1. Can you compute the charge dipole magnitude of segment 135-230 about its Cα centre, using +1 on each Lys and Arg Cβ and -1 on each Asp and Glu Cβ, nothing else charged? Give it in debye, rounded to the nearest 20.
2. Counting pairs of Cα atoms in the chain, how many percent are more than 26 Å apart?
3. For segment 135-230, how many pairs of lysine residues have a Cα-Cα distance under 13 Å, where the two are 8 or more positions apart or belong to different chains?
4. Got a sec? How would ILE138, ILE52 order by Cβ neighbour count within 10 Å, fewest to most?
5. Helix 108-129 versus the longest principal axis of the chain: what is the Cα-based angle in degrees, 0 to 90, to the nearest 10?
6. If one takes the longest principal axis of the Cα atoms in the chain, at what angle in degrees, from 0 to 90 and to the nearest 10, does the Cα axis of helix 161-172 lie?
7. Express as a percent, rounded to the nearest 5, the fraction of DSSP beta bridges in the chain (both residues included) that run antiparallel.
8. Using +1 at the C-beta of Lys and Arg and -1 at the C-beta of Asp and Glu, which of ILE7, VAL199, LEU19 has the Cα lying farthest in the positive direction of the dipole of the chain?
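Quick note: the coordinates plus some simple rules give every number you see, no bench work behind them. Note that this is a predicted model, so its numbers are computed, not measured. Quick reminder, even Gly has a Cβ in these numbers, built from the backbone with ideal geometry, and neighbours come from all protein chains shown.
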Amino acid sequence: MSAKETILIVDDEKEILKLMEIYLKNEGYELLKASDGLEALELLGNNEVDLIILDVMMPRLDGIEACMRIREERDMPIIMLSAKSQDIDKIAGLSIGADDYVTKPFNPLELMARVKSQLRRYNRFNKRTDVSKDEIVIEDLVINVATHTVTVEQKEVKLTPREFAILHLLAVNKDIVLSMDKIYEEVWKEPYMESKNTVMVHIRKLREKIERDPRSPRYIKTVWGIGYKMESS
């Protein structure tokens, strides 16, 4: 295999690091290794990384907090590892930005398959949608960050500044579920204080402008009980 992607593996268990290193190197990937979240953030600041395998339970900075910090600036795939197997733990990991969740002990071959799947999906989507630094393209929806304009099926849609900010926030965090409090705090730049209806009203108006059928949206999906997301395809 001639893969050249760089993978950052983050785990405080040396045996797990070594096991993943053997299999990933055998597949041709470049590797970076960290033993906790703080070390991982430092490596990310100095290196280009295509995918992260991130353990949940670690000293200094755990995987949950590290994932949240990474998602503030990066959108590469994140696969979380955890000894916890309860559905609520998986939902928690996925809701804060992880793309996949693998329970320890794991089959290394299954992990390799998940790594390849996430990289294929990420690379295919980015080649299709990242037209320029100023544009985000998702199917027939084009968001121009420089001019603050939005077109759907080549027709310009007039959005308010708040509507544009919500749409842009969801688009740059594609495939990540954002809670209503997260959306409110990012867009309104103030603490979330039971402002659920405010966000819902803006999402409804946004859908009326960009969706063919707001009752069956293509772009902005509702994840019941958690929040909203925009999907890759």
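1. Details: 16 positive and 15 negative charges, 52 e Å.
It works out to roughly 260 debye.
2. Details: 11328 of 27028 pairs.
Within the chain, distances greater than 26 Å cover 42 percent of Cα pairs.
3. Lysine pair count for segment 135-230: 8.
4. Going from sparsest to densest Cβ surroundings: ILE138, ILE52.
5. 30 degrees
6. 30 degrees
7. 50 percent
8. VAL199
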